Amino acid sequence: MSTETKDQLRHQFFIQRKELGTAERQRQSERLSQLLLEWYRGLELVQRSARKVALTIKFGTEPDTDPVMHALHDDGVEIWVPISHADRSMSWTKWYPDVPMETSKLGPIQEPTGERFGPEVVADADVIFVPALAADTAGYRLGKGGGYYDRLLASLPEITNDVPLLVTPLFDHEFFAADAKAIPVDDHDLPVQSVATAETGIVWV
């Protein structure tokens with residue numbers, strides 16, 4: 001296991017995202033968005049048909065998947081985004097272009113003002129895009145430390161027998177081989193099914 005703590009690794013990856021620079025982050029984000037769109041549109045032919053996707057609104061130096069939101073909305077797909085609460089739970093609200101926004105009570109993040117719903121509203125989604133700072137080929141992610149998505153992932157099997165596909169979009173340098181043991185794994189950590197980067201494309205883990 002890595003000798004660095006999760007907090008140390010988070011600090012390291014936050015710095016590396018910033019050091020990528022705006023132009024490189026945008027280059028990778030554009031390619032990543034294209035890959036995710038092509039992949040999701042192909043899903044309709046072979047697997048799921050809810051036409052519902054959950055993902056976060058881009059903030060700071062995160063991969064910019066906002067183009068995915070706009071393109072899927074234009075395709076007629078429902079888009080749901082998370083709202084974080086002080087007790088480290090999440091609710092969900094529908095997103096659409098020009099949805100009224102307000103500043104989160106927890107930080108300088110803009111979020112839709114619509115009605116909030118529990119995790120059951122995204123339990124039948126085709127895909128939940130699960131954010132992270134890094135992930136490995138076993139599907140284990142390094143989140144930002146709040147545990148919001150760990151709670152969501154733990155709740156899904158209790159709500160549905162058909163859990164949505166769980167995909168984590170990352171920058172190229174944030175995806176590791178599991179045998180490198182770069183990411184410490186705790187008992188409560190739950191894996192995603194796929195990681196996507198501009199370089200590797202969609203990798204099932």
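The values are calculated or read from the model by the stated rules, or taken from the named source; none is laboratory data. Here the structure is a predicted model, which means the values were calculated and not measured. FYI the Cβ positions are ideal-geometry reconstructions off the backbone, even for glycines, and counts take in every protein chain you see. All accessible areas refer to the heavy atoms of the entire protein, side chains included, with ligands and DNA or RNA removed. Shrake-Rupley method; radii C 1.70, N 1.55, O 1.52, S 1.80 Å.
General observations
- Compactness relative to 2.2 N^0.38 Å, alpha carbon Rg of the range 88-156: 1.23
- Sorting the segments 78-88, 52-62 by their mean number of nearby beta carbons within 10 angstrom, highest to lowest, gives 52-62, 78-88.
- Dimensionless Rg ratio for the range 144-194, taking C-alpha atoms and the 2.2 N^0.38 Å reference: 1.28
- Quarter of the Cα convex hull surface for the chain, i.e. its orientation-mean projected area (nm²): 11.2
- Each peptide in 162-169, 106-113 was scored by the mean count of other Cβ atoms within 10 Å over its residues; highest first, the order is 162-169, 106-113.
- Between the amide H of TRP80 and those of VAL53, ALA54, LEU55, TRP95, distances stay under 5 Å, these residues lying 5 or more places away or on another chain, with hydrogens modeled in the peptide plane.
- GLU30 contributes an accessible area of around 110 Å² to the protein surface, as traced by a 1.4 Å probe with all chains present.
- Histogram of C-alpha separations across the range 25-136, 5 Å bin width, %: 2, 11, 20, 24, 21, 14, 6, 1, 0
- For the range 113-146, backbone nitrogen atoms closer than 16 Å to the point 7 Å from HIS173 Cα along Cα-to-C-beta are found at 133-135.
- Relative contact order of the chain, taken over Cα pairs closer than 8 Å and 6 or more residues apart, is 23 percent.
- Intensity falloff of the range 1-42 expressed as log10 I(q)/I(0), Debye formula with alpha-carbon point scatterers, at q = 0.16, 0.20, 0.26, 0.30 Å⁻¹: -0.62, -0.72, -0.81, -0.91
- Each residue of the range 68-79 was assigned a 3J(HN,Hα) from its phi angle through the Karplus curve 6.51 cos²θ - 1.76 cosθ + 1.60 (θ = phi - 60°); the sequence is 5, 4, 5, 5, 5, 4, 4, 7, x, 8, 6, 10 Hz, with glycine and proline shown as x.
- Cα-based Kirkwood hydrodynamic radius, the range 45-105, one decimal, Å: 13.0
- Accessible area (Å², per residue) of the range 32-171, counting only protein heavy atoms and a probe of 1.4 Å: 44
- Each helix, a run of at least 4 DSSP H residues, gives -39500 (n - 2.57); summed and divided by the residues of the chain, these come to -10000 deg cm²/dmol at 222 nm.
- The range 117-193 - percent of accessible surface contributed by carbon and sulfur, probe 1.4 Å: 52
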